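The values are calculated or read from the model by the stated rules, or taken from the named source; none is laboratory data. Small disclaimer: the values here were computed from a predicted structure and weren't measured. Here the Cβ is made from the backbone with ideal geometry for all residues, glycine too, and neighbour counts use every protein chain on show.
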Amino acid sequence: MELKNILLKIKEELPGAIALGIIDVQSGLPLSGVASSELDLETTAAYFANALSSVLKATKVVEKNSELEEVMVVTKNFVTLFLFAREIYALGATVPSDVQLGLIRAVMKKFLPEIEKELP
C-alpha cells in the first residue's frame with residue numbers, strides 16, 4: 001500500500017500523468033500502479049517489462065558490468081520515463097509529451113529513494 005501512496009504523490013506533481021507504476025522487470029508484473037481508467041496497467045506493464053528486459057540484455061552485450069539507469073520512450077503524444085531501482089525494478093511514469101523532461105526526471109528522482117525503501 002505504501003508504494004501506491006508514493007505513486008499518488010508523484011502523480012500530484014506531474015501534470016496530466018497518465019500512468020505511474022513500479023514493474024518487476026524479470027517477471028513483467030507490476031508491483032504497484034496508478035493509471036487513468038482507460039489504460040490496462042497489467043498488460044501495459046508486461047509489454048514494457050519485456051522491452052526493458054531486452055534493453056538490459058543489450059546493454060550487457062555492450063558493457064558486461066553496466067547498470068542501466070533510465071530508459072525513455074517518446075511518441076508524438078506522450079513520454080514514458082523509466083528509472084531503475086536495484087536493476088530488476090523500474091519506476092515508470094507516462095505523461096503528455098508537452099511536460100518538460102527535466103520536470104519528469106526531477107520528480108521521479110525525488111521519490112525514488114522512498115520507493116527503494118519499500119521494494120521487496
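Pick out the one residue from LYS64, LYS110 that is at pLDDT 95 or above and basic (Lys, Arg). If you could, list the steps in order and put the result at the bottom.
Values: LYS64 fails: at pLDDT 95 or above.
Of LYS64, LYS110, the one residue that is at pLDDT 95 or above and basic (Lys, Arg) is LYS110.
Does segment 1-24 hold any residues that are modelled with pLDDT of 90 or more and aliphatic (A, V, I, L, M), and which are they? Quick ask: steps written out before the conclusion?
Filtering segment 1-24 for residues modelled with pLDDT of 90 or more gives 2-24.
Answer for segment 1-24, where residues must be modelled with pLDDT of 90 or more and aliphatic (A, V, I, L, M): LEU3, ILE6, LEU7, LEU8, ILE10, LEU14, ALA17, ILE18, ALA19, LEU20, ILE22, ILE23.
Check LEU29, LEU56 and return the single one that is more than 12 Å from the chain's Cα centre (by Cα), crowded, with 19+ Cβ neighbours inside 10 Å and modelled with pLDDT under 90. Let's see the steps before the verdict.
Numbers: LEU29 fails: crowded, with 19+ Cβ neighbours inside 10 Å.
Sole residue among the options that is more than 12 Å from the chain's Cα centre (by Cα), crowded, with 19+ Cβ neighbours inside 10 Å and modelled with pLDDT under 90: LEU56.
Out of all the residues in segment 99-111, is one or more touching a residue at least 40 places away in the same chain (Cβ under 8 Å) and over 14 Å from the mean Cα position of the chain (by Cα)?
yes
Would you check which residues across segment 61-96 are loosely packed, with under 12 Cβ neighbours inside 10 Å, more than 19 Å from VAL25 (Cα to Cα) and not charged (D, E, K, R) and list them?
VAL62, VAL74, THR75, ASN77
Name the residues in segment 1-22 that are out of contact with any Leu (no Cβ under 7 Å at 6 or more places or on another chain) and closer than 17 Å to LEU83 by Cβ, would you?
ILE6, LYS9, GLU13, LEU14, ALA17
For segment 78-85, indicate whether the set of residues that are more than 13 Å from ALA19 (Cα to Cα) and of a type outside the set (A, V, I, L, M, F, W, C) is non-empty.
Filtering segment 78-85 for residues more than 13 Å from ALA19 (Cα to Cα) gives 83-85.
From the residues that got through so far, the ones that are of a type outside the set (A, V, I, L, M, F, W, C) too are none.
Scanning segment 78-85 turns up no residue that is more than 13 Å from ALA19 (Cα to Cα) and of a type outside the set (A, V, I, L, M, F, W, C).
Taking the stated definitions as given, is ASP40 out of contact with any Phe, Trp or Tyr (no Cβ under 8 Å at 6 or more places or on another chain) and among the acidic types (Asp, Glu)?
yes
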